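Asker: I am attaching a structure below and will ask some questions about it afterwards.
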Amino acid sequence: MSQRCAAVLGALFLCACGAGVYGKVQELRSDTIRGDSIRVIVVIAGENESSDRQLAGRVREQLNEAGFTAVRRQGTWESEETALADICPLGQPSDTHGVLFVWWNQLDLRHCATHRRAYQIQAGYRGVDYMFRRLLRYLNPRSNG
């Protein structure tokens, strides 16, 4: 019985060492889309759940407080691609620079002019505030010290 407990504890320890208590952070930054070129951002929830909509509202407020123009856009879409096509159609001029999709464990910023992913972070249980701080590093590269 004690060998079994030791094996389970050992496996848990190995998992914790690899991902930490809050999970592994995966961050993707575009090599071609400059973060400081994105200033007007439509912020929408990644899912149609009230908790995701509340998180999107919080991120929108934080962006506005940080000096960006964060806009709310109501609607439901089948996918990120259909949302992008509706919010900033390819080949048409737009005052919107990016669309930010917000989930409890992920932020995904798309560039309006190209529909390409500009920035994405998946951060497990670290929270939206942590992901938002990382997003700001991408959007404000000169202020990173």
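The values are calculated or read from the model by the stated rules, or taken from the named source; none is laboratory data. Quick caveat: nothing in here was measured; it's all calculated off a predicted structure. Positions of Cβ are backbone-derived with ideal geometry, glycine not excepted, and every protein chain shown enters the neighbour counts.
Asker: Check every one of the strands (runs of 3 or more DSSP E) wholly within the range 69-145 and list those with 3 or more residues that are more than 20 Å from N48 (Cβ to Cβ). Talk me through it step by step, then tell me what you get.
Answerer: On the way: elements: 69-72, 98-102, 106-111, 117-122.
Per the criteria, 117-122.
Asker: State whether one or more residues within the range 43-56 are without any contact (Cβ under 8 Å) to a residue 60 or more places away in the chain, assigned to a helix (DSSP H, G or I) and closer than 20 Å to H111 by Cβ.
Answerer: Going through the range 43-56, the residues without any contact (Cβ under 8 Å) to a residue 60 or more places away in the chain turn out to be 43-45, 47-54, 56.
Pick out the ones that are also assigned to a helix (DSSP H, G or I) and you get 50-54, 56.
Restricting the remaining residues to those that are closer than 20 Å to H111 by Cβ gives 56.
So far as the range 43-56 goes, yes, one or more of its residues are without any contact (Cβ under 8 Å) to a residue 60 or more places away in the chain, assigned to a helix (DSSP H, G or I) and closer than 20 Å to H111 by Cβ.
Asker: Look at the range 78-103 and say how many of its residues are of a type outside the set (A, V, I, L, M) and surrounded by fewer than 16 Cβ atoms within 10 Å (Cβ to Cβ).
Answerer: The number of residues fulfilling the criteria is 11.
Asker: Scan the range 14-42 for residues that are at pLDDT below 70 and part of a loop (DSSP other than H, G, I, E, B) and report the count. Break it down into steps so the answer makes sense when it comes.
Answerer: First, the residues of the range 14-42 that are at pLDDT below 70: 14-22.
In the following step, the residues that additionally are part of a loop (DSSP other than H, G, I, E, B) were identified as 20-22.
The total comes to 3.
Asker: Right, something else. F101: modelled with pLDDT of 95 or more, among the aromatic types (F, W, Y) and more than 19 Å from N140 (Cβ to Cβ), yes or no? Break it down into steps so the answer makes sense when it comes.
Answerer: Details: modelled with pLDDT of 95 or more: yes; among the aromatic types (F, W, Y): yes; more than 19 Å from N140 (Cβ to Cβ): yes.
Yes; evaluated as a whole, the condition is true for this residue.
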